[in-house]
Amino acid sequence: MLIKFEAIAMKKADALSKFSSDPKRQIALAAQMLGITKEAIYQWDEHEIPEYRAAQIELMVLRGELPADKEK
């Protein structure tokens, strides 16, 4: 299936909240699921994360992979 994304603007706090409702776990879960380091996430701008990562997160939401800590 081919999914076309328009440019996605996403704030850092909004992006991280999609991974967990627990702020203490958000960065670790995001890094793990995105295959990047926590340090890379710390470098994201507070007002807009990289467009590629925003699209990746939205795709995870569409696939039902987020939130990562949801009851299964």
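The values are calculated or read from the model by the stated rules, or taken from the named source; none is laboratory data. All of these numbers come straight from a predicted model, not from anything done at the bench. Neighbour counts run over all protein chains shown; Cβ positions are idealised from the backbone, glycine included.
Can you name every residue in the range 23-60 that is surrounded by fewer than 13 Cβ atoms within 10 Å (Cβ to Cβ) and either within 9 Å of the chain's Cα centre (by Cα) or within 17 Å of Ala9 (Cβ to Cβ) (or both)?
Result: Asp45, Glu46, His47, Tyr52.
Among (1) part of a loop (DSSP other than H, G, I, E, B); (2) touching a helix residue (DSSP H, G or I) at 6+ places or on another chain (Cβ under 7 Å), there is one condition Glu65 misses while meeting the rest; what is its number?
Of the numbered conditions (1) part of a loop (DSSP other than H, G, I, E, B); (2) touching a helix residue (DSSP H, G or I) at 6+ places or on another chain (Cβ under 7 Å), the odd one out for Glu65 is (2).
From the set of residues in the range 47-72 that are of a type in the set (Gly, Ala, Ser) and in contact (Cβ under 8 Å) with a residue 12 or more places away in the chain, which is nearest to Ser17 (Cα to Cα)?
Narrowing the range 47-72 to residues of a type in the set (Gly, Ala, Ser): 54-55, 64, 68.
So of that shortlist, the ones also in contact (Cβ under 8 Å) with a residue 12 or more places away in the chain come out as 54-55, 68.
Details: Ala54: 13, Ala55: 15, Ala68: 10 Å.
The residue in question is Ala68.
When both residues are 6+ apart or on different chains and their Cβ atoms are under 6 Å apart, which pairs have a first residue that lies in the range 18-46 and is in contact (Cβ under 8 Å) with a residue 12 or more places away in the chain, and a second that is basic (Lys, Arg) and part of a helix (DSSP H, G or I)?
From the range 18-46, the pairs are Ile27/Lys38; Trp44/Lys12; Glu46/Lys12.
Within the range 21-50, can you find the residues that are assigned to a loop (DSSP other than H, G, I, E, B), modelled with pLDDT of 95 or more and on the phi < 0 side of the Ramachandran plot? Give the derivation first.
Applying the first criterion (assigned to a loop (DSSP other than H, G, I, E, B)) to the range 21-50 yields 21-22, 35-37, 43-50.
Then drop every residue that is not modelled with pLDDT of 95 or more, which leaves 35-37, 43-50.
Residues satisfying the conditions are Ile36, Thr37, Gln43, Trp44, Asp45, Glu46, His47, Glu48, Ile49, Pro50.
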